Amino acid sequence: QVQLVESGGGSVQAGGSLRLSCTAPGRTISGGAMGWFRQAPGKEREFVAAISWIWTGGSTSYADSVKGRFTISRDVAKNTMYLQMNSLKPEDTAVYYCALGQRAVPGEKEYAYWGQGTQVTVSS
């Protein structure tokens, strides 16, 4: 079992920025991929972004709704993944989850381990 812990959520006004972090305390992530997903009230959880961990040089993928505004990255030495969120919109309001899986793809089923989530609230 791998525990994932998110941090960095909060409340901001539209146009603002936040940076989310995800780490795996006590474990070294040595391969595969990590991703960010989000779930807004009354909606299904959706893919946000993903990054391969080591072998493919950190290749990334993004949901169309966040391209150009969000940037996913990872620090292998720190065992930590980040999501830099800029130009935030009210529709970005959701609980954001990090996940660990095999491939940097949008499908939830590719990810075996999930964090508890961190709330992001964007006000207009």
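The values are calculated or read from the model by the stated rules, or taken from the named source; none is laboratory data. Just so it is clear, the model here is predicted, and its values are computed rather than measured. When we count neighbours, we look across all protein chains shown, and the Cβ atoms used for this are built from the backbone with ideal geometry, even at glycine. Side chains are part of the model used for accessible areas, which takes the heavy atoms of the whole protein and leaves out ligands, DNA and RNA. Shrake-Rupley method; radii C 1.70, N 1.55, O 1.52, S 1.80 Å.
Consider GLY101 carefully, then state whether it is surrounded by 18 or more Cβ atoms within 10 Å (Cβ to Cβ), touching a residue at least 24 places away in the same chain (Cβ under 8 Å) and touching an Asp or Glu at 6+ places or on another chain (Cβ under 6 Å). So GLY101 passes the test. Is it true that VAL95 is surrounded by fewer than 21 Cβ atoms within 10 Å (Cβ to Cβ), of a type in the set (A, V, I, L, M, F, W, C), closer than 14 Å to LEU18 by Cα and modelled with pLDDT of 95 or more? So VAL95 passes the test. Every test in (1) over 14 Å from VAL2 (Cα atoms); (2) out of contact with any helix residue (DSSP H, G or I) (no Cβ under 6 Å at 6 or more places or on another chain); (3) not hydroxyl-bearing (Ser, Thr, Tyr) is passed by ARG103 save one, and that test is (2). Against the conditions (1) under 18 Å from GLY115 (Cβ atoms); (2) without any contact (Cβ under 8 Å) to a residue 24 or more places away in the chain; (3) of a type in the set (A, V, I, L, M), ALA77 satisfies every one except (1). Here are SER17, SER11: which of them is over 11 Å from the mean Cα position of the chain (by Cα), open to solvent by 70 Å² or more (accessible area, probe 1.4 Å) and at negative phi? Of the residues listed, the single one that is over 11 Å from the mean Cα position of the chain (by Cα), open to solvent by 70 Å² or more (accessible area, probe 1.4 Å) and at negative phi is SER11.
Is it true that THR118 is within 11 Å of the chain's Cα centre (by Cα), closer than 22 Å to SER17 by Cα and either free of Cβ contacts under 8 Å to residues at least 12 places away in the same chain or open to solvent by 40 Å² or more (accessible area, probe 1.4 Å) (or both)? Working first, answer last.
Numbers: within 11 Å of the chain's Cα centre (by Cα): yes; closer than 22 Å to SER17 by Cα: yes; either free of Cβ contacts under 8 Å to residues at least 12 places away in the same chain or open to solvent by 40 Å² or more (accessible area, probe 1.4 Å) (or both): no.
Considered against the rule, which asks whether it is within 11 Å of the chain's Cα centre (by Cα), closer than 22 Å to SER17 by Cα and either free of Cβ contacts under 8 Å to residues at least 12 places away in the same chain or open to solvent by 40 Å² or more (accessible area, probe 1.4 Å) (or both), THR118 comes out as no.
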